[in-house]
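Participant: Shown below is the structure under consideration.
Here, each number is a calculation from the coordinates, and none is a lab measurement. What you see is a predicted model, and the numbers here were worked out from it, not measured in a lab. Positions of Cβ are generated from backbone atoms using ideal geometry, with glycine treated the same way; all protein chains shown enter the neighbour counts.
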Amino acid sequence: MKMKMFSAPTLEQARALMRAEMGKDAVILSTREEDGIVEIRAAVDRSFNHRFAAPKFAEVRPMFDAARDQLSTMLRWHGAPDGFLQMVAEAGSRLGAGSEPLGALSAGLEGVLSFAPLQPHPEKSILLVGGPGSGKTTAAAKLVLQLSDADSPLEAVSADFDAAGQAEKLAALMLRPSLTVALSPDALQRILDERNALGRRAIVDCPPFNPVDRDDMKRLNTLISRLNVEPVLVMSADGNPMEMEDNARAFAQLGVRRAILTRLDAVRRRGGVIAAISSSRLSIAQLGSAPNALKGLVPASASRVAKLLLDNAPEAELLKGAA
């Protein structure tokens with residue numbers, strides 16, 4: 001299966017680019033329009049054997065409809081907004097029709113989400129940002145422990161500007177007596193400049209910034225602008241879907257491009273946070289599902305998100321008929 005994003009000033013122009021490159025068999029998975037630019041994500045299945053005639057659409061349409069309805073039912077139970085669940089269900093029913101439930105849902109999610117896991121040896125230090133209670137401190141400990149290696153160890157830095165005990169919590173999670181602490185933005189900049197000069201990278205546990213507080217977001221924007229870092233959003237899965245969408249967009253407007261989702265083990269309905277990330281055009285980096293610093297943070301992928309959605313939804317039983 002081949003997937004690609006096309007952008008143009010109009011929908012027709014974007015479709016023309018899609019048809020020119022992917023042919024008449026391409027399927028549009030999702031569309032977005034913003035700032036005068038239309039983006040479409042399309043896919044085409046190149047795996048079929050051309051020696052055999054393709055079935056007529058009328059013959060396979062009932063299978064598409066059944067799979068779409070089953071995926072929609074399951075995603076609606078998860079609290080996914082209608083627009084998101086319709087795109088996922090449509091893409092999954094077409095691209096994953098005839099496959100097992102995990103494959104169908106994975107195909108649908110791959111059409112509307114992007115994934116960019118954090119890797120060892122990052123080009124820049126990572127600045128973890130997020131609202132109060134998002135799980136940044138635990139995520140910082142997990143990333144340092146899981147991504148460090150002997151050749152390129154990552155350093156944990158606590159930007160505990162308000163001296164709220166954040167540094168002590170991070171040290172305890174990592175089972176260390178102490179770690180590097182920055183008590184002000186100036187101190188953090190000096191620490192990171194020193195590490196950069198030595199070719200070393202850090203995972204910075206940033207103070208919480210309230211996404212609905214304009215002054216807070218202005219301070220975060222200033223902090224990001226002065227530091228040579230990649231800001232990565234940490235977002236908890238427990239929250240109102242519309243609030244999560246607004247909050248994710250607020251951080252995306254500051255240049256955040258990736259997100260780590262936490263507390264996925266503490267909620268049953270996970271559609272809201274997944275849809276919020278899709279709507280804000282962020283890529284999902286890691287999935288967090290345990291408070292233990294040594295485990296529970298894994299690289300994100302369409303199949304892993306699909307499994308999270310299938311594992312605990314009562315309506316998942318209905319998907320057995322889609323295979």
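Participant: Of the candidates 164, 266, 42, which one comes out as most mobile in a Gaussian network treatment of the chain with C-alpha springs shorter than 10 Å?
Facilitator: Among 164, 266, 42, the largest GNM mean-square fluctuation belongs to 164.
Participant: Grab the Cα-Cα distance for residue 190 and residue 152, subtract it from 0.36 nm times how many residues apart they are, and report the gain in nm with one decimal.
Facilitator: This chain segment gains 11.6 nm when fully extended.
Participant: Which is the longest part of the chain that has none of the chymotrypsin sites (Phe, Trp or Tyr not before Pro) sitting in a DSSP loop with at most 12 other Cβ atoms within 10 Å?
Facilitator: Here the longest segment lacking exposed loop sites spans 53-323.
Participant: Report relative contact order for the chain in percent, whole number only (criteria: Cα-Cα under 8 Å, sequence separation at least 6).
Facilitator: 21
Participant: What are the DSSP H helices in the chain that stretch 15 Å or more along their long axis, judged by alpha-carbon atoms, and whose average Kyte-Doolittle hydropathy comes to at least 0.5?
Facilitator: The qualifying helices are 101-112, 136-147.
Participant: May I pose another question? Report the trypsin sites (Lys or Arg not before Pro) located in the range 75-156 that are in a DSSP loop and have at most 14 other Cβ atoms inside 10 Å of their Cβ, or state none.
Facilitator: Passing sites in the range 75-156 are 124.
Participant: Can you list, bin by bin at 20 Å, the percent of alpha carbon pairs in the chain, starting at 0?
Facilitator: Cα pair-distance distribution for the chain, in percent: 30, 51, 17, 1.
Participant: Roughly how many nanometres apart are two label points built 7 Å out from the Cα toward the Cβ at residue 119 and residue 268?
Facilitator: 3.9
Participant: Still on this structure, please answer the following. Using R₀ = 56 Å, calculate the FRET efficiency as 1/(1 + (r/R₀)^6) where r is the Cβ-Cβ separation of residue 37 and residue 168; round to 0.05.
Facilitator: 0.75
Participant: Choose one of 248, 278, 165: the residue whose Cα lies farthest towards the positive end of the charge dipole of the chain (beta-carbon charges +1 Lys, Arg; -1 Asp, Glu; about the Cα centre).
Facilitator: It is 278, whose Cα lies furthest towards the positive end.
Participant: Taking H placed 1.01 Å from N in the peptide plane, check which residues at least 5 places from residue 29 or on another chain put their amide H under 5 Å from its amide H.
Facilitator: For residue 29, the qualifying residues are 41, 42, 43.
Participant: Okay, moving on. Determine the dipole magnitude for the chain: charges of +1 sit on the beta-carbon of Lys and Arg, -1 on that of Asp and Glu, nothing else is charged, the reference point is the Cα centre, and the result goes in debye to the nearest 20.
Facilitator: Here the chain has a charge dipole of around 680 debye.
Participant: How much length is gained if the chain between residue 298 and residue 7 is pulled fully straight, taking 0.36 nm per residue apart and subtracting their Cα-Cα distance, in nm to one decimal?
Facilitator: Roughly 101.6 nm would be gained on extension.
Participant: As a test of the formula, what do you get for the chain when each DSSP H run with n ≥ 4 contributes -39,500 (n - 2.57) and the sum is divided by the residue count, at 222 nm and rounded to the nearest 500 deg cm²/dmol?
Facilitator: Mean residue ellipticity at 222 nm (helix-derived): -13000 deg cm²/dmol.
Participant: Right, another one. Give the long-range amide H neighbours of residue 129: residues separated by 5 or more places, or on another chain, with amide H under 5 Å away, using H modelled in the peptide plane at 1.01 Å from N.
Facilitator: Counting only residues 5 or more places away or on other chains, the set is 232, 233, 234.
Participant: Follow-up question, since we're still on this one. Restricting to lysine pairs 8 or more places apart or on different chains, what number in the chain have Cα atoms under 20 Å apart?
Facilitator: Qualifying lysine pairs in the chain: 13.
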